Each structure stands twice: as C-alpha cells, then as structure tokens.
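Here is the structure we will look at, set down as structure tokens.
Just so you know, all these numbers are worked out from the coordinates, no wet-lab data involved. The structure presented is a predicted model; accordingly, all values stated were derived computationally and were not measured. Cβ sites come from the backbone with ideal geometry, for glycine too, and all protein chains shown count toward neighbours.
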Protein chains: 2
Amino acid sequence: MIADTPPPPYTAVIFTSVQKSPNPDGYAQAARDMEQLAARQPGYLGFESARDSLGIGVSYWATAEDALRWKQVVEHRAVQRIGAEHWYADYRVRIATVERDYGLQK
Amino acid sequence: MIADTPPPPYTAVIFTSVQKSPNPDGYAQAARDMEQLAARQPGYLGFESARDSLGIGVSYWATAEDALRWKQVVEHRAVQRIGAEHWYADYRVRIATVERDYGLQK
C-alpha cells in the first residue's frame with residue numbers, strides 16, 4: 001500500500017480533492033481504470049491514496065516530464081474533464097520534487 | 001480543508017502510514033495536539049490529511065529548514081517515538097519541494 005519508490009530524487013504529484021457528494025457516479029470505476037493506466041506509463045513509480053472528508057492521491061514519477069506526459073494522456077484528460085465538471089467541489093494539484101525520504105522499515 | 005498555500009516554491013512533507021489497528025489508543029488526541037502545535041511553528045503553511053486503509057498527511061512549510069525544525073520539536077519527537085513503537089505497522093516520510101501547483105478554483 002505504501003509505494004515502494006526508489007532513492008530520491010523523483011517527482012510526486014499531490015492531488016487533494018473535495019467531492020461534491022460521496023461516491024459520485026462513475027468515480028470508483030474511473031479511479032480503478034486510471035490507476036491501472038497510470039501504472040503502464042513511462043516513469044511510473046507508484047501511487048498512494050486515502051479518502052475521508054478529503055481525498056489525497058499521490059502519484060510518483062521518475063521525472064517531472066513523465067508526470068506531465070501522464071497528465072496529457074487522452075483517456076486521463078477525459079477523466080480530468082469529468083472530474084472538474086461533475087465530481088469535485090474543489091481540488092489542488094501540486095507537482096513536487098522529492099529530495100529525501102525515510103521510513104520505519106528502511 | 002484544502003490547504004491555502006502561497007505560490008511555489010515551498011516544502012511538502014508527505015507522511016504515508018499503515019496503522020497496526022484502527023484508532024489506536026491516544027492517537028486521535030495526539031493527532032489533534034500535533035496539528036495545533038504545528039500550526040504555531042515558524043514557516044507553517046498548512047496541513048491536509050485523509051485516512052482509510054492507508055493514511056496520508058501532508059504538511060506544507062515555507063522552507064525545508066522549517067520542516068526539519070518541526071521534526072525536531074520536543075513534543076513532536078515524543079509523539080513520533082510513540083507512533084513508531086505502538087501505532088504504525090509501517091510508514092514513509094518524503095520531503096519534497098513543490099515547484100508548480102494549480103486547482104479548480106485558482
């Protein structure tokens with residue numbers, strides 16, 4: 001569940017969102033589809049997500065260019081448009097370079 | 001709920017965790033206390049969190065030095081120790097520089 005990312009540096013895309021209502025139509029299937037599609041893109045390193053009243057999804061990429069390419073994948077753009085119009089009351093996307101990491105088990 | 005961060009660059013600390021069991025003793029109160037204490041530290045910009053089977057908390061700081069100082073605050077160190085020993089089966093901390101952001105409403 002915790003993404004097994006390589007040593008830094010790498011890119012993190014932090015997507016924080018508030019849904020208009022819980023479990024909107026089509027959301028769960030689209031989320032699964034996008035996770036699987038993202039995992040097949042060049043430079044994909046992993047994905048983590050959690051949701052209660054707020055949703056946070058973090059995708060990890062080898063480079064900022066890989067993250068940008070994923071943003072532009074046609075199927076992903078279509079889902080972004082549906083999300084902006086129908087699912088989300090608000091969201092924020094932050095593109096960041098991970099410079100250091102550590103954990104309990106490593 | 002979505003942190004109202006200033007224009008980049010700024011620092012994000014992404015804390016991803018798996019709890020040994022849901023709602024461990026002392027966790028909820030400690031989380032509230034640490035959110036309030038963090039908000040009083042120099043360079044604090046905001047905090048976002050969500051938890052289902054995975055927990056993700058992201059704190060935002062003006063600089064990497066501010067984030068490091070927060071890690072070393074005595075009360076915070078005590079809670080980190082309790083977490084590592086009692087609450088978490090695993091966690092990962094990633095320190096990142098946010099270089100770009102955008103959202104639905106800005």
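Quick notes on this one:
- Tilt relative to chain A, helix A:27-38 - C-alpha long axis, 0 to 90 degrees, to 10: 30 degrees
- For residues of B:85-92, the mean tally of beta carbons on other chains within 10 Å: 4
- Plainly put, the tip 7 Å out from Cα toward Cβ on B:GLY43 is 2.7 nm from that tip on each other copy, the closest given first.
- Label-point spacing for A:ALA84 across the identical copies (point 7 Å from Cα in the Cβ direction), in nm and ascending order: 4.3.
- Length-normalised contact order of chain A in % [C-alpha pairs under 8 Å, at least 6 apart]: 46 percent
- Spatially near lysine pairs across the protein assembly as shown, Cα under 24 Å, sequence gap of 8 or more or different chains: 6
- Summing Lys and Arg as +1 and Asp and Glu as -1 over all other residues whose Cβ lies under 9 Å from the Cβ of B:ILE2 gives a net charge of -2.
- For segment A:36-95, a/c is not less than 1.5, where a ≥ b ≥ c are the root eigenvalues of the C-alpha gyration tensor, and a/b does not top b/c. That puts it in the oblate class.
- Helix-only [θ]222 nm of chain B, DSSP H runs n ≥ 4, -39500 (n - 2.57) each, per residue, nearest 500: -8500 deg cm²/dmol
- Position B:PRO7, label points 7 Å along Cα→Cβ, spacing to each other copy in nm (shortest first, one decimal): 3.6
- Where N is the number of residues in chain B, Cα Rg divided by 2.2 N^0.38 Å: 1.08
- Cβ neighbours within 10 Å from other chains - mean over A:15-25: 2
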